[in-house]
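Working notes, structure below.
Read-outs: derived from the displayed coordinates by stated rules, not from any lab. Because the structure is a prediction, the values reported are computed rather than measured. Cβ placement follows ideal geometry from the backbone for every residue including glycine, while neighbour counts extend to all protein chains displayed.
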Amino acid sequence: MFNPSRLTLARRRRKFSKKALAEALDLDQKTVSRYESGDCLPPPESIRKLAEVTEFPESFFSGADLDEPTAEAASFRSMSSMSARERDAALASGAFAFMLSDWVHERFSLPVSEIIDVKEGSSPEAAARLVREHWLLGEHPIPNVLQMLEAKGVRVFSLAKNSLSVDAFALWRNEIPYVFLNMHKTPERSRFDASHELGHLVLHRHGGTRGGRAVEDEANQFASAFLMPEADVRAHLSNVYSLDQLIEKKARWRVSAAALNYRVHRLRTLEAESDTFGQDTNGAIKSCRPSGIAHIRACPSGRQHRLSIE
Ligand SMILES: [Zn+2]
């Protein structure tokens with residue numbers, strides 16, 4: 001039996017407007033609207049064409065409703081630079097991630113979420129420290145953030161190629177945390193993005209639709225503190241004298257020079273020390289683009305690539 005909601009999902013996943021899909025199917029827009037609303041059923045020939053145009057199998061259009069993440073539940077970072085169509089495509093890919101995740105969950109034992117529930121109003125710095133304590137990480141740098149998140153019960157998926165304008169997003173579903181990442185960034189950026197989304201999962205779990213700059217700043221501060229613990233940074237980089245020194249030291253925490261510069265600057269600000277280096281150096285970092293770490297392709301489980309929902 002044809003399921004109209006699956007047509008809507010497939011259309012949004014492939015970034016078609018109703019008008020564009022109607023043109024591709026050689027139909028008028030009203031007919032596509034009626035198919036999607038369930039007012040009339042498409043004939044077999046239209047379903048065949050639909051499958052061809054959207055690159056989904058014909059059988060896809062006759063399954064049960066699929067659970068899809070909502071924009072309200074997801075932590076979208078670049079809402080302002082993202083079109084509604086791009087956002088919808090990313091959310092639609094989330095529906096397929098849920099489907100795959102449920103399939104795996106029914107057949108295998110996956111790690112249970114170890115993300116702690118921090119007190120509302122906790123500072124990002126304190127929350128990052130609590131997570132590190134709970135996960136027994138000490139003050140050391142984290143070799144592989146994505147593997148660590150998966151081991152702590154987070155379902156990590158990479159965003160598909162047609163959603164790359166979306167940096168990342170995270171959400172809770174049935175007490176299970178999900179993170180969706182754009183893996184076409186530098187390794188340093190991916191590590192920071194993953195930590196940023198962890199920040200949302202920890203800090204904004206009960207935040208509902210709360211969004212905006214303040215929430216993003218909190219997630220960035222969490223990521224910064226999580227990746228670069230205060231004691232370790234102070235032990236290895238008590239002061240910054242030059243950009244070269246910053247570039248040399250960033251390898252320890254596997255972060256960008258800009259992220260390390262921000263961290264050192266923030267720690268010095270927290271300490272109410274005078275710090276002109278941090279602010280003055282950002283421009284220099286952007287212009288010289290220091291070399292970074294290489295992508296880690298292999299992991300202990302033998303998988304070469306993270307699951308990508310196309
Ligand atoms: Zn964010």
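Observations, loosely collected:
- With a Förster radius of 30 Å applied to the beta-carbon distance between N144 and M99, the computed FRET efficiency rounds to 0.65.
- Under 13 Å, Cβ to Cβ, from L198 - net charge with Lys/Arg +1 and Asp/Glu -1: 0
- Whole-angstrom Cα spans of segment 4-62 along principal axes, big to small: 24, 22, 19
- Residue exposure sequence - W103, W172 - by fewest surrounding Cβ within 10 Å: W103, W172
- If R0 is 41 Å, the Cβ-Cβ spacing of E52 and A251 corresponds to a FRET efficiency of close to 0.25.
- Sites L130 and R107, calculated FRET efficiency, Cβ-Cβ separation with R0 41 Å, nearest 0.05: 0.80
- Taken over the Cα atoms of segment 58-113, the convex hull encloses 113 Å³ per residue.
- Straightening the chain between D67 and M1 buys 21.9 nm, computed as 0.36 nm per residue apart minus the Cα-Cα spacing.
- Taking T54, T186 and counting other C-beta atoms within 10 Å, the order from fewest to most: T186, T54
- Shown here are the Rg and Dmax of the Cα trace of segment 89-240, at 15.5, 52 Å.
- Taking 0.36 nm per residue of separation and subtracting the Cα-Cα distance, full extension of the segment from E114 to S33 would add 24.8 nm.
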